[in-house]
Structures are given as structure tokens and as C-alpha cells.
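A.B. asks: This is the structure I have questions about; it appears just below.
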């Protein structure tokens with residue numbers, strides 16, 4: 001809208017909103033701590049051992065108890081609440097919450113769909129081992145992750161329900177294929193690199209790991225923040241170019257920009 005190229009808008013937004021690195025780091029702490037808490041509640045053990053085990057939050061549901069289910073439910077609720085506020089903060093002023101209950105419900109629904117999919121996929125891969133069918137499931141999972149790439153942004157920016165947001169995300173990804181794949185691969189590679197460099201050194205008592213954990217959370221938060229800004233502006237650019245409509249309509253027109261408030 002201001003005649004800047006997409007790259008210039010991304011660069012300007014990253015600089016203008018750089019304080020949101022701490023918001024993204026807080027979400028990274030939540031993602032990191034929730035599975036550790038669930039594992040600890042299931043069978044008490046040293047923190048370093050639980051970190052090296054590398055279990056995801058939804059792998060802990062293989063033998064659930066009331067406390068573990070509570071952690072999972074609390075994680076989904078808190079993530080949906082804060083993630084909505086975080087995306088609103090990227091495209092507008094600082095917010096710590098969703099715009100309304102409908103937005104929160106849509107984001108929560110997307111979180112449930114996403115992580116149920118993760119749980120089913122992980123369970124299937126563990127059951128199939130190294131078979132050819134396991135490779136097929138893994139490749140299919142990459143397609144699903146690609147389809148989900150813009151879904152949470154679509155919920156906040158375009159005011160969509162979860163299923164419509166996933167369809168909108170798929171359309172955006174197809175029309176911005178090279179950018180979308182590049183960003184997804186870049187984020188994944190950086191995250192894997194950070195984990196491989198830092199996680200093996202997370203040993204001993206918690207107090208001895210605190211500094212390294214802080215570095216880890218800030219590094220992942222910074223990577224996540226840059227990735228989110230890039231993807232948000234790709235989605236907004238797709239709206240402005242008429243690739244996708246601004247709201248739930250089938251064609252561009254009549255959409256409001258409430259997401260900027």
C-alpha cells in the first residue's frame with residue numbers, strides 16, 4: 001500500500017516491532033516447559049534427563065493421568081490466547097489477548113486440530129518404524145504442515161474459522177510457493193541447528209543450565225519472531241494483490257481492517 005517492496009516492508013517491520021522478540025521468547029518458553037512439566041508429573045526425574053529424552057507434549061498422552069491432561073488443556077488454552085495477541089501485535093499495537101471470544105475459539109480450534117494431527121502422526125511413525133509406509137506418512141505430514149503455515153495468521157487477520165483458515169492458508173502457500181517453502185525450510189534448519197548446538201550441553205542442576213536455557217529461549221524466540229513477521233507480511237501482501245480475499249468472502253472487497261487495531 002505504501003509502494004514498498006515486500007522485502008522492504010519485512011525489514012521495516014522487523015526493526016519497528018523488535019520488542020516482540022520477548023513475546024515470541026515467552027511463547028518458546030511455554031512450548032519448552034509444558035512437555036517437561038507433563039513428563040515430570042507422570043514420572044519424576046532430573047530435568048536434564050527429561051530434556052535429553054525430547055518427548056513432545058502430546059507423546060505424554062500415551063499414558064495420560066488427570067494432571068497430564070490438565071497440562072495439555074492448559075497449554076492449548078494459554079497458547080491460543082497468547083498466540084492471538086502476539087499476531088495482533090505484529091500487525092497492530094501491542095496486545096496480550098485475542099480481539100474477542102470468536103477469535104479465541106477459532107485459534108483454540110486450530111491448536112487442537114494441529115496438535116491432534118501431531119499426536120496421530122507421531123504415533124503412526126513410531127508404530128511403523130522404518131517401513132516404506134512410514135516414509136509416506138512423513139512426506140504427507142510435510143504437506144499438512146505446509147497447509148497449516150498461514151492458518152493462524154488468517155484467523156487473526158481475516159477473522160476466519162479454523163477450517164476456512166486452513167483452506168486460505170493452502171491457497172496462500174500455493175500462490176507464494178517458493179517463498180513459503182523457503183521460509184519453512186529456513187526456520188526448521190535454524191531451529192534444528194540451535195537445538196543441536198545447545199541441548200547436548202543442558203546437563204546438571206537447573207541453576208547450572210539457567211544461562212544456557214535463557215540463550216536458547218531468546219535464540220528460538222528471535223528466529224520465530226523473524227519467521228512470523230515474514231509469513232504475516234506474505235499473507236498481507238497476498239491480500240493486497242488479490243490472491244486471497246481479506247476476510248471470509250470468496251472475492252476481494254468489503255473486507256475490514258479490524259486486525260490493525
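The values are calculated or read from the model by the stated rules, or taken from the named source; none is laboratory data. These figures come from a predicted structure and were not determined experimentally. Glycine also receives a Cβ, built like all others from the backbone with ideal geometry; neighbour counts cover every protein chain displayed.
A.B. asks: From the residues in region 88-105 that are in contact with a helix residue (DSSP H, G or I) (Cβ under 7 Å, 6 or more places away or on another chain) and assigned to a helix (DSSP H, G or I), which one is surrounded by the most Cβ atoms within 10 Å (Cβ to Cβ)?
C.D. replies: So, considering only residues that are in contact with a helix residue (DSSP H, G or I) (Cβ under 7 Å, 6 or more places away or on another chain) and assigned to a helix (DSSP H, G or I), the one surrounded by the most Cβ atoms within 10 Å (Cβ to Cβ) is 90.
A.B. asks: From the set of residues in region 189-208 that are without any contact (Cβ under 8 Å) to a residue 24 or more places away in the chain and surrounded by 14 or more Cβ atoms within 10 Å (Cβ to Cβ), which is nearest to the chain's Cα centre (by Cα)?
C.D. replies: Among those that are without any contact (Cβ under 8 Å) to a residue 24 or more places away in the chain and surrounded by 14 or more Cβ atoms within 10 Å (Cβ to Cβ), it is 195.
A.B. asks: Let me ask something else about it. Is it true that residue 76 is assigned to a helix (DSSP H, G or I), at pLDDT 95 or above, touching a helix residue (DSSP H, G or I) at 6+ places or on another chain (Cβ under 6 Å) and surrounded by 14 or more Cβ atoms within 10 Å (Cβ to Cβ)?
C.D. replies: no
A.B. asks: Now a separate question. Which condition does residue 19 not pass, out of (1) at pLDDT 90 or above; (2) more than 27 Å from residue 212 (Cβ to Cβ); (3) surrounded by fewer than 18 Cβ atoms within 10 Å (Cβ to Cβ), if it passes all the others?
C.D. replies: Checking residue 19 against (1) at pLDDT 90 or above; (2) more than 27 Å from residue 212 (Cβ to Cβ); (3) surrounded by fewer than 18 Cβ atoms within 10 Å (Cβ to Cβ), the one that fails is (2).
A.B. asks: Still on this model: Have a look at 251, 256 and point out the one that is over 19 Å from residue 84 (Cβ atoms), outside any helix (DSSP H, G or I) and modelled with pLDDT under 80.
C.D. replies: 251
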